[in-house]
Amino acid sequence: MSAAPTTDGRDARTAWLLTAPALMLFVGVLVIPLAMTVMLSFHDWGQYKGIEPVFILKNWHEVATDPYFAEMFWRTARIALLTTLITAVLGAPEAYILNRMSGRWKSFFLLVILGPLLISVVARTLGWALLFGGNNGLVNKLLMSLGLIGSPLSFMFTETGVVIALAHVMMPFMVLSVWAALQRVDPQIENAALSLGAGPLTIIRRIVLPQIMPGVLSGAIIVFSLSASAFATPAIIGGRRLKVAATLAYDEFLNTLNWPLGAAVAVLLLVALVLIVVGSNALIERRYAEVFR
C-alpha cells in the first residue's frame, strides 16, 4: 500500500497555491522592472546614437566622480534628515496628547491627522506653494504681523520651503507610529509614578520616552525613506533650481533622455535607502533586545 500524503505536504502545497498569485504580481510589477532598471544603468547612451545595449561602467563612474551628483545626494539626505527631525519633535508630543484624549475627541482629531492622507500630495504641495507665494505670501504676512521677521523670507525654491512642505506631508506617518507604540503603554504606570512623587518632566523622561522610542524610531525610518524618495513636493516647491535625487532621475529620463544615467541615479538611491533602512532596523532590534533581555 502506498503511503498517504502527509498533512505537512498538503499544507505546504496549499500555502504555495494561495501565495502564488501575490508572488507572481510581486515579481511582475517589482522584481522584473527593478532588474531591467539595473541592466539599463550599464548601457551606453549618446545624443545621436541613443541607447546602446552594451555593458559599460561609464554611468556609474560619472555618478561616483562628478561633484554635481554628490551635491544632489547630499542635499537629498539633508532634506530627509531635517524632515525626519521636525516630524519627530512635533509628531511625538502630538501623538501623546492624542492618546490622552477622551474617546470622542480622540476619534475627531485622529480623523484630522489622517485627513491629509486622503488628499493628493500634489494638491497639498500646491497649497503650500500658494501659502509661500513669494514676498506677499500668507506665511510671510503672518510672520511679519507677529513681529517674528522684519522682511519677507524666501520659501519657494529653497530647502527651507521643501522641508516645511515635506514635514507637513510626512507628519501623519510619525504620529501614527508613535500613537501605535503608546497603545501598548499602561496609563496606570504614570499614575503610579505620580503617587510616588515623580514630577511631570520625570515621568516623560523616565517612563514615556523609553516606551515610545520604538515608535519614534520606526516612524523616523518611514519618514526618512519617503522624504528621500519624494518627487512631487521637491519638484513643485524646489523647482528646477533645487534638485534632489528623485527629480534628478526624472530629468535624466524625460528631459535629457539619458535613460542609462537616470537608471544609475535611481538604482543608487534605492540601494542607499535599502542599506539605511536595513541597518537602522538591525541597530534598533539589537538595542532593544539588549534593553529588554
* Asked: List pairs: first in the stretch 278-290 and within 14 Å of Val216 (Cα to Cα) and of a type outside the set (Phe, Trp, Tyr), second at pLDDT 80 or above and assigned to a helix (DSSP H, G or I), Cβ under 6 Å, 6+ apart or cross-chain?
  -> Ser280/Ile221; Ile284/Leu217
* From the list Ala80, Ala70, Ala64, Ala95, pick out the single residue that is touching a residue at least 12 places away in the same chain (Cβ under 8 Å) and closer than 25 Å to Val271 by Cα. => Ala80
* Can you find even one residue in the stretch 237-257 that is farther than 29 Å from Gly127 by Cα and surrounded by fewer than 20 Cβ atoms within 10 Å (Cβ to Cβ)? -> yes
* Asked: Mind checking which residues of the stretch 70-123 are in a helix (DSSP H, G or I), of a type in the set (A, V, I, L, M, F, W, C) and over 19 Å from Val178 (Cβ atoms)?
  -> Ala70, Met72, Phe73, Trp74, Ala77, Ile79, Leu118, Val121, Val122, Ala123
* To do: Count, please, the residues in the stretch 14-61 that happen to be β-branched (Val, Ile, Thr), free of Cβ contacts under 8 Å to residues at least 24 places away in the same chain and part of a helix (DSSP H, G or I).
  => 6
* Asked: With (1) modelled with pLDDT under 85; (2) surrounded by 10 or more Cβ atoms within 10 Å (Cβ to Cβ); (3) within 30 Å of Ala264 (Cβ to Cβ); (4) not β-branched (Val, Ile, Thr) as the list, and Arg13 as the residue in question, which single condition is left unmet?
  -> (3)
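Of all residues in the stretch 128-164 being of a type in the set (A, V, I, L, M) and in a loop (DSSP other than H, G, I, E, B), which is nearest to Thr84 (Cα to Cα)?
Only one residue tops the list, namely Met156.
The values are calculated or read from the model by the stated rules, or taken from the named source; none is laboratory data. In this text, all values refer to a predicted model and were calculated from it rather than measured experimentally. Note: ideal-geometry Cβ built from the backbone for every residue, glycine included; neighbour counts use all protein chains shown.
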